[in-house]
Amino acid sequence: MDEFEFGTRGGRRRRRMFGSGELRLVLLKLVADEPRHGYELIKAIEELTEGAYAPSPGTIYPTLSLLEDEGAIAQAAGDETRKAYEATDAGRTELEERADEVDALFERLSGHGEHRRAFATPEMFRALGNLAGVLKNRARSGKLDEQTMREIVDLVDELAKKIERL
C-alpha cells in the first residue's frame, strides 16, 4: 500500500508510517504471535523498525479497541493489571487470508531501520557537522562576498552530483 504524506520537517515532506488499515494488521499479527498489552506493542513496533518509529498510545489503544470490537482479538486470560490481548480464531483466519500482505508490510517496516542505519552513521554525522560548521564560521566571519558564496554553492552542487553518481 502507498504511504501518505503529511507535515513537514526540515523543508521535506514526512511520510506516514502506515497506510489505511496497516497498523490494524500489524497489531493483529503481533498479538497473534504472542499475547501483548499496548506498551509491549509500541515497543515491538519500535524494535521492528529499529528505532525509526514508535507509535503513540493515542494510535495504539483505539486500534486495539477496534480489533476487539471486530472480534479479531480478545483480552488474554491472566491476572495482569494491564490488559493483554491475543488473537481470536477470526483474527488468525484473517491473517492467513492476508498472509502475503502481512509479510510485505513487515518486510517494509523492517526496512525502515536499514535505511536509517545506512545514513545515520557517526562518520556521516561528523562529516555533515564539519561542513555545516565551516559554512557557519565562514558566514559569521564576514568573509562571504558574492563571488565566494557562488564558489561554495558550486562546490556543494558538484559534490551532490558526485555522490548521486556513486
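A few remarks follow.
- Residue 102 - accessible surface, heavy atoms, 1.4 Å probe, Å² rounded to 10: 10
- Rounded to the nearest 10 square angstrom, residue 143 shows an accessible area of 130 square angstrom against a 1.4 Å probe.
- Annotation: lysines with alpha-carbon distance below 28 angstrom to residue 136 (same-chain offsets under eight excluded): 161, 162.
- Distance from the C-alpha centroid of region 55-90 to that of region 92-107: 18 Å, rounded to the whole angstrom.
- Percent accessible area from carbon and sulfur atoms, region 46-166, protein chains only, probe 1.4 Å: 53
The values are calculated or read from the model by the stated rules, or taken from the named source; none is laboratory data. Just so it is clear, the structure is predicted and the values come from calculations on it, not from any experiment. Heads up: the accessible areas ignore ligands, DNA and RNA and are worked out on the full protein's heavy atoms, side chains in. Shrake-Rupley method; radii C 1.70, N 1.55, O 1.52, S 1.80 Å.
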